[in-house]
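Undergrad: One structure is given below, represented as structure tokens, and several questions about it will come after.
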């Protein structure tokens with residue numbers, strides 16, 4: 001199973017970067033040599049996420065940059081354009097800036113402590129009762145499970 005560095009809710013820097021990626025991809029002005037790559041493949045690689053996550057974001061009926069998508073963009077293939085104008089150069093500079101902001105936000109997202117998921121044992125559940133209940137029952141002769149109304153057979 002592949003582990004992706006980016007998952008969960010879409011962040012503001014990620015959406016901003018996505019906007020610039022899609023814009024530059026559709027105009028054919030990317031500096032990367034990506035050949036006949038689809039938009040879905042390219043964006044998921046750049047965002048370091050599952051391609052299905054991109055599919056869900058760019059499907060028909062969703063919004064991108066406050067505009068409703070009337071078609072699925074996932075299968076669009078890249079067509080490189082050789083002559084750039086000043087607007088294209090500005091778009092590429094904006095893309096580079098958005099990439100830097102996104103990568104910084106992704107590093108802080110990864111730096112947060114991971115949430116441990118697992119199961120609690122019965123003792124963990126019983127020990128989680130309020131302190132007032134713990135002080136009344138904490139003598140050694142008392143069965144912890146039956147005091148909480150749990151009967152084990």
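Results for (1) part of a loop (DSSP other than H, G, I, E, B); (2) in contact (Cβ under 8 Å) with a residue 40 or more places away in the chain; (3) assigned by TED's automatic domain parsing to the domain that holds residue 99, shown as yes or no for each residue.
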residue	(1), (2), (3)
18	no, yes, yes
26	no, yes, yes
32	yes, no, yes
42	no, no, yes
53	no, yes, yes
61	yes, no, yes
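Undergrad: Does the range 12-26 contain at least one residue that is touching a helix residue (DSSP H, G or I) at 6+ places or on another chain (Cβ under 7 Å) and loosely packed, with under 15 Cβ neighbours inside 10 Å?
TA: There is no residue in the range 12-26 that is touching a helix residue (DSSP H, G or I) at 6+ places or on another chain (Cβ under 7 Å) and loosely packed, with under 15 Cβ neighbours inside 10 Å.
Undergrad: While we're on this one: Got a number for residues in the range 1-13 being part of a helix (DSSP H, G or I) and in contact with a strand residue (DSSP E or B) (Cβ under 7 Å, 6 or more places away or on another chain)? Can you show your working first?
TA: Applying the first criterion (part of a helix (DSSP H, G or I)) to the range 1-13 yields 12-13.
Pick out the ones that are also in contact with a strand residue (DSSP E or B) (Cβ under 7 Å, 6 or more places away or on another chain) and you get none.
Residues flagged as part of a helix (DSSP H, G or I) and in contact with a strand residue (DSSP E or B) (Cβ under 7 Å, 6 or more places away or on another chain) within the range 1-13 amount to 0.
Undergrad: Can I ask one more? Among the numbered criteria (1) touching a helix residue (DSSP H, G or I) at 6+ places or on another chain (Cβ under 7 Å); (2) at pLDDT 80 or above; (3) in a loop (DSSP other than H, G, I, E, B), which single criterion is violated by residue 91?
TA: (3)
The values are calculated or read from the model by the stated rules, or taken from the named source; none is laboratory data. For clarity, every value in this text was computed on a predicted model and none was experimentally measured. All Cβ positions, even for glycine, are placed from backbone atoms using ideal geometry, and neighbour counts span all protein chains on display.
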